[in-house]
Amino acid sequence: MIPAVPPVSHKTIMVYVPIVPGFIMRTSIASVTPDTPTAAVTGWVHEIRDLGGLAFILLRDRTGILQVTIPKKKVPEAVVETVRSLSKESVITVEGTVKAIEKAPGGRELVPERITLVSASESPLPLDVAEKVQAELDTRLDARFLDARRPRVAAIFQIRSRVQRTVHEFLYEREFINITTPKIVAAATEGGTELFPIAYFEKEAFLNQSPQLYKQMMIAAGFDRVFEIGPIFRAEEHNTTKHLNEATSIDVEVSFAGHEEVMQLLEDLVIACYRDVERDCPTQIAAIEYEAFAVPKPGFKRLQYKDAIDIAAPKLDEPIAYGDDLSTAAERAIGEEMGEHYFIVDWPTEIKPYYAMPYEDNPAVSKAFDLMHPRMELSSGAERVHQHDLLRRQIAAKGLNPDNFGFYLSPFRYGMPPHAGWGLGAERLVTTMLGLQNIREAVLFPRDRHRLVP
RNA sequence: GCCCAGGUAGUGUAGUGGCCUAUCAUGUCGGCCUGUCACGCCGACGACUCGGAUUCGAAUUCCGACCUGGGCGCCA
């Protein structure tokens, strides 16, 4: 077990105190200030600048970069020897005196008494961590562990982590129960997308496209409010900057709620994510250099589907009519018009899944919604059908056989409460929040049409 | 799945039939340099995806394969 790191007193940091075997007490780079007297810092060699009698090493860890300054005539000979043989991206421990100095980055530099090579790096490197030359995404993903050493890249995943934490906190505060549902499933019950078939002993199985049906079963179980953040799998052969074959879905389902309530919940959650990132991740936002980062304003507009069509139609070359799904061009045209986050509501029943609730007074329209960012769809949700007979009819209306939906339909026969929910794409949320050009930037190890390793 | 654009040192690039013994940057190695911060300067090293064709001659043209990026479709 790794204990929490205790606060380190500057008097003790020169001493290695093994907390547990194999773990070394060390000082993070961000905690080294101009007032720090001495420090023992372990990190990666980001850059070496050897000026002859004077050399600089930029030492990098997760928290920042520290300049190590080596006046060769004033430091031990062993230090000079070590510096001479150092390769970039090696792991070293530097122990020495901290000097406050204006012209050093961060106003301080470390003058070493001792440098220990912890783990040498080979060269050449598969890509340049210091970003003097750019690398293409393909090259970066092949060497993702090195790519992620770049502060800009690390910042994306620190922010993504912060977003996931906010989602948990936000939902726990509202008494949601965190559930985990199977990713190996028997059949393609939901429809709409291609599934990955897998061999499951002597049976055929699939990777799940969404936890939708399981969420609803736990509503039937009386869990009231459930959520799951987990992987979803889509076997579509798409080749775009906003699709993944393995994505992370933030899925929520709420009992005794209608579509308006869960839309408000979704809006509040998205804003909370932005707000927490703005508050807690200013250095990461700066590292990403996304000037346009902004917390969305509350009160996301509700755009009716039919009005969305009216906005898109005159702007498009291709004709678009009521009842059509929104093409990429249509999505973009509407996004430009709206300019910020918005909902598209009141979708035609026929282009939404069978579990979306039709309006009682107008069954051709459903209580379904999409949450849109001007660049792409982030989430879709609906008030769900909770009446068994209506659900059977809707399944049949989609050309499917309700008799094949036994395990799904059964809960609807034994006291299913009214409920509503949504699924929010975690990668799309991060991609749009940070202005990333490609959704793969928001995934450590993306799975797309061609990439299966690493 | 359809369409478009590509594949040149470790990385990112220039090069549209002979001036290519292939450009530049970065990197690596060697040398010089005590305040760099994309350190600078000198020198060296290192590449045309694969197969076939055209041609006196192919990195360059053509065909095929493989790989990559992007747009569309599908999809969230």
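Bear in mind that the values in this text are calculations on the coordinates, not laboratory data. Small disclaimer: the values here were computed from a predicted structure and weren't measured. Neighbour counts are summed over all protein chains in view; Cβ atoms, including those assigned to glycine, are modelled from backbone coordinates with ideal geometry.
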- 17 Å Cα-Cα reach of residue A:315 towards lysines, excluding residues that sit fewer than 8 places from it in its own chain: A:306
- Between residue A:87 and residue A:132, what is the label-to-label distance in nm when each label sits 7 Å out along the Cα-to-Cβ direction? 1.7 nm
- If only Cα atoms are counted, what is the Rg of chain A, and what is its Dmax, in Å? 27.0, 87
- Using all C-alpha to C-alpha distances in segment A:392-434, build P(r) with 10 Å bins and read off the rounded percent in each one. 21, 30, 24, 21, 4
- Message: Restricted to Cα positions, what overall size does segment A:175-240 have along the principal axes? Three whole-Å values, descending.
- Response: 38, 35, 17
- Work out the FRET efficiency for residue A:360 and residue A:202 from their Cβ-Cβ distance, taking R0 = 45 Å, and round it to the nearest 0.05. 0.45
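Write down the Kirkwood hydrodynamic radius of segment A:220-284, to one decimal in angstroms, obtained as one divided by the mean of 1/r over all alpha carbon pairs.
Evaluated on segment A:220-284, it is 14.7 Å.
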- How big is the equivalent ellipsoid of segment A:58-174 along its three axes, where each semi-axis is √(5λ) from the Cα gyration tensor, reported in whole Å from largest to smallest? 33, 21, 12
- Taking every pair of alpha-carbon atoms in segment A:254-368, what share in percent sits in each 10 Å bin, from 0 to the bin with the longest distance? 12, 33, 32, 18, 5, 0
- From the residues A:143, A:69, A:130, which one has its Cα farthest along the dipole of segment A:38-148 in the positive direction, the dipole being from +1 and -1 charges on Cβ of Lys/Arg and Asp/Glu about the Cα centre? A:69
- Dipole of chain A, positive end: most advanced residue of A:284, A:91, A:387 [Cβ charges, Cα centre]: A:91
- Message: Below 29 Å, Cα to Cα, which lysines can residue A:88 reach? Residues fewer than 8 away in the same chain don't count.
- Response: A:72, A:73, A:74, A:99, A:103, A:132
- Message: Just to confirm my numbers, what's the Cα centroid distance between segment A:56-121 and segment A:129-164 in Å?
- Response: 24 Å
- Item | Computed log₁₀ I(q)/I(0) - Debye formula, equal Cα scatterers, no solvent, segment A:95-148, q 0.26 Å⁻¹ | -0.92
- Query: Bin by bin, in steps of 5 Å, what percent of the Cα pairs in segment A:325-454 do you find, going until the bin that has the longest distance?
  - Reply: 2, 10, 15, 16, 16, 13, 12, 11, 5, 1, 0
- Message: Treating only the Cβ of Lys, Arg, Asp and Glu as charged (+1, +1, -1, -1), what charge dipole size does segment A:139-292 show about its Cα centre? Round to the nearest 20 debye.
- Response: 640 debye
- Task: Give the Rg (one decimal place) followed by the Dmax (whole number) of segment A:130-182, computed from C-alpha coordinates and expressed in Å.
- Result: 16.5, 49
- Task: Sorted from largest down, give the three principal axis spans of the alpha carbons of segment A:269-317, whole angstrom values.
- Result: 43, 25, 11
- Take each of the peptides A:325-333, A:110-118, average the number of other beta-carbon atoms within 10 Å over its residues, and list them starting from the highest. A:110-118, A:325-333
- Item | Farthest toward positive dipole pole in chain A [+1 Lys/Arg, -1 Asp/Glu at C-beta], among A:45, A:112, A:272 | A:112
